[in-house]
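K.L.:
One structure coming up, written as structure tokens, with questions to follow.
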Amino acid sequence: MDTDGGRDGGRAPPGRGGTFVGTTRMDALALGVTGEACRAGPTRNPAAAERVPGGSSSGAAAAVAGDLADAAVGTDTGGSVRVPAAFCGVVGAKPTYDRVPRTGVLDLAPTLDHVGVLARDATTAARTLDAVAGADPLRPGSAPAPASAALEALDDPLGRLRVGVPEPFVEAAAPRVAAAFEGTVTALAGLPGVTVERLPFPEHEDAAFVNQVHTLVEFARVVETGGQPSATVATPRRAPRSGRPPPRWTCPSGSSG
């Protein structure tokens, strides 16, 4: 999982040469997408030293890409597992909401945060998800979850699979990235039972704005309640009669992202 470890990440993976010197940390408060904003220094990308590792679960992705771990746990509000996984060349999975228990996670936006996994390959990611997924006895409002069978699902036939490709995001990609992406889409389209559709998404800029507002409003509530569930904590608007100040929220060494 994301850690606040030392700068020396250990030896470089076989075939990459040199020494991987970096951090296995994450952006403070899960607000960052580059892995550069940690108070302890930037996270280094072991797959491409001259590039950022993505964020905010940059430490998890860097640890896996740097052969420090077979798999890691990260948190994803709007891409904080998937983005660093893509930047570091590993597999990132954002499961269904509350599929992995979130007890102990300091939320950024409680209705958007998911706990996910990062791994070297899809098989390891599925095995890790099966290990960490399940019901959360400390969150009675969450739905009971059956045993995860992600590993078994990898062997299931595709059947009828519909893949949507949102055009605005593809248009924004760098040429090399776009070429690799299109190659993957072509390969998918050639599989039996798979249909690929190009999807216009003219509202994408408005959607990004709405997501940002939603996230910041929920984060403001987390700050007001001192990181506690809003249903169980009353947030005083002014100091109580006893003269004691309202609860204050302090920055931890790590947070969800």
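K.L.:
Using unit Cβ charges (K, R positive; D, E negative) and no other charged atoms, how large, in debye to the nearest 20, is the dipole of the stretch 123-184 about its Cα centre? Mind showing how you got there, number by number?
P.N.:
Numbers: 5 positive and 8 negative charges, 17 e Å.
Approximately 80 debye in magnitude.
K.L.:
Next up: Which order do you get for Arg99, Arg139, Arg120, Arg162 if you rank them by accessible area with a 1.4 Å probe, largest at the top? Numbers along the way, then the final one.
P.N.:
Numbers: Arg99 50, Arg139 70, Arg120 110, Arg162 175 Å².
Output order, biggest surface exposure first: Arg162, Arg120, Arg139, Arg99.
K.L.:
Ignoring everything but the protein chains, give the 1.4 Å probe accessible area of Phe181 in square angstrom, nearest 10.
P.N.:
So the heavy atoms of Phe181 present about 90 Å² to solvent.
K.L.:
Not counting ligands, DNA or RNA, and with a 1.4 Å probe, what is Val132's accessible surface area in Å² rounded to the nearest 10?
P.N.:
About 50 Å², ignoring ligands and nucleic acids.
K.L.:
Order Val163, Val177, most accessible first, counting only protein heavy atoms with a 1.4 angstrom probe.
P.N.:
Details: Val163 35, Val177 90 Å².
Putting Val163, Val177 in descending order of accessible area: Val177, Val163.
K.L.:
How large is the accessible surface of Leu68 in square angstrom, using a 1.4 angstrom probe and rounding to the nearest 10?
P.N.:
Roughly 80 Å² of Leu68 is accessible to a 1.4 Å probe.
K.L.:
Give me the accessible area per residue for the stretch 83-157, probe 1.4 Å, as a whole number in Å².
P.N.:
Details: 3850 Å² over 75 residues.
Roughly 51 Å² per residue, with all protein chains present.
K.L.:
Go through Arg198, Arg51 and list them by solvent-accessible area, largest first, probe radius 1.4 Å. Each step should come with its number before you reach the end.
P.N.:
Numbers: Arg198 105, Arg51 150 Å².
If we order Arg198, Arg51 from most to least accessible, we get Arg51, Arg198.
K.L.:
What is the sum of charges, Lys and Arg at +1 and Asp and Glu at -1, for the other residues whose Cβ falls under 15 Å from the Cβ of Pro110? All intermediate terms of the calculation are to be shown ahead of the outcome.
P.N.:
On the way: positive: Arg102, Arg139, Arg221; negative: Asp76, Asp98, Asp107, Asp113, Asp136, Glu218, Glu224.
Result for the local shell: -4.
K.L.:
How big is the dipole moment of the stretch 51-100 about its Cα centre under a simple scheme where the beta carbon of each Lys and Arg is +1, that of each Asp and Glu is -1, and everything else is neutral? Debye, nearest 20, please.
P.N.:
So the magnitude is around 160 debye.
K.L.:
Then there's this: Mind giving me the FRET efficiency for Asp121 and Ala48? R0 is 25 Å, r the Cβ-Cβ distance, nearest 0.05 is fine. Walk me through the numbers before you get to the answer.
P.N.:
Details: r = 19 Å, r/R0 = 0.76.
Working from the Cβ atoms, E equals 0.85.
K.L.:
With +1 on each Lys and Arg Cβ and -1 on each Asp and Glu Cβ, and nothing else charged, work out how big the dipole of the stretch 81-145 is about its Cα centre, in Debye to the nearest 20.
P.N.:
Computed charge dipole of the stretch 81-145: roughly 120 debye.
The values are calculated or read from the model by the stated rules, or taken from the named source; none is laboratory data. Quantities reported herein were computed from a predicted structural model and do not represent experimental measurements. Please note: Cβ atoms are built from the backbone with ideal geometry, for glycine as well, and neighbour counts cover all protein chains shown. Note: accessible area is taken over every heavy atom of the protein model, side chains too, but ligands, DNA and RNA are not part of it. Shrake-Rupley method; radii C 1.70, N 1.55, O 1.52, S 1.80 Å.
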